[in-house]
Amino acid sequence: MFLSGVSTRTLSMISHRLIGHKISAGEVSRCSRELVQAIENWRNRDLSLMRFKYLFCDGVYFEMRMDRTVEIVSVLVVIGVTQNGQRQVIGIQSGDKESASSWRETFKDLKRRGLDSQTVTLGIMDRLPDLEKVFREEFPQGKVQRCQAHVARNVLAKVPQKLKQGVADDIRSIFYASSRVKALEFSARFTERWQREVPSAVKCLQNSLDSC
């Protein structure tokens with residue numbers, strides 16, 4: 001509750017009603033310090049013993065306690081996929097997702113902690129030109145793929161509610177096709193089926209298809 005913005009005074013009253021014990025501001029501070037230290041140890045853990053083949057990169061927004069207020073903070077997150085398909089959050093730090101220097105520092109931090117850049121073959125991300133540029137420079141062996149979830153949401157935003165399910169099903173057929181040839185075949189069917197009713201959605205998908 002404290003991390004979500006509840007004051008120590010209110011927390012003390014609530015805890016007394018719930019568990020019969022008033023949690024003091026000192027107790028809250030001590031628990032908070034222990035939690036922060038544990039998170040920092042995890043956030044800076046060694047990555048040298050693991051091999052990651054894919055990196056999901058995105059900027060997200062979290063509510064974060066800053067002194068006595070809760071602020072909306074931009075956070076850069078990197079999720080790594082290991083050789084056997086396991087996903088792990090390997091990078092998380094505050095920064096502007098539109099900033100090339102912020103992403104470069106994030107990637108360099110991963111390398112300092114032992115990430116082998118030579119094993120990374122793919123970076124999955126939204127269409128952020130600076131991010132793509134920095135990724136290619138920091139991971140020369142890796143290709144860039146547009147995040148299919150972002151694209152699907154952008155396409156569906158241009159579709160009336162009554163048509164969303166059908167359009168979503170056809171998008172999945174493209175993205176989960178067994179080969180590139182099949183994907184292009186399903187894409188042609190998508191265009192033929194939906195061009196008349198939702199031309200803007202069709203155009204949105206066509207513009208992003210190669211990068212997906």
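The values are calculated or read from the model by the stated rules, or taken from the named source; none is laboratory data. What you are looking at is a predicted structure, and each value in this text was computed from that prediction instead of being measured. Quick reminder, even Gly has a Cβ in these numbers, built from the backbone with ideal geometry, and neighbours come from all protein chains shown. Only protein heavy atoms, including side chains, enter the accessible area calculation; ligands, DNA and RNA are left aside. Shrake-Rupley method; radii C 1.70, N 1.55, O 1.52, S 1.80 Å.
Before moving on, here are some points about what is shown:
- Percent RCO, i.e. relative contact order, over the chain, from Cα pairs under 8 Å lying at least 6 residues apart: 14 percent
- Largest GNM mean-square fluctuation across Pro140, Pro129, Pro199, computed for the chain with C-alpha springs under 10 Å, falls on Pro199.
- If you run the Gaussian network model on the chain, springs between alpha carbon atoms under 10 Å, then out of Gln195, Gln148, Gln161 the most flexible one is Gln161.
- Cα centroid of region 172-212 to Cα centroid of region 1-43, whole Å: 50 Å
- Pairs beyond 20 Å (Cα-Cα), from Lys97/Lys133; Lys158/Lys182; Lys133/Lys182; Lys53/Lys182; Lys111/Lys133: Lys158/Lys182; Lys133/Lys182; Lys53/Lys182
- Three-way shape label, the chain, alpha-carbon gyration tensor, a/c 1.5: oblate
- Overall, region 1-109 carries a charge dipole of about 320 debye about its Cα centre when +1 sits on the Cβ of Lys and Arg and -1 on the Cβ of Asp and Glu, all other atoms neutral.
- Its relative contact order, with pairs defined as Cα atoms under 8 Å and 6+ residues apart, puts region 1-47 at 24 percent.
- The order of Cys147, Cys31 by accessible area, most exposed first and with a 1.4 Å probe, is Cys31, Cys147.
- Antiparallel bridge percentage (DSSP; both residues within the chain; nearest 5): 70 percent
- For Lys164, the aspartates and glutamates whose Cα falls under 19 Å of its own Cα, not counting residues fewer than eight places away in the same chain, are Glu192, Glu197.
- Assigned charges on the beta-carbon of Lys, Arg, Asp, Glu; the chain dipole about Cα centre (debye): 400 debye
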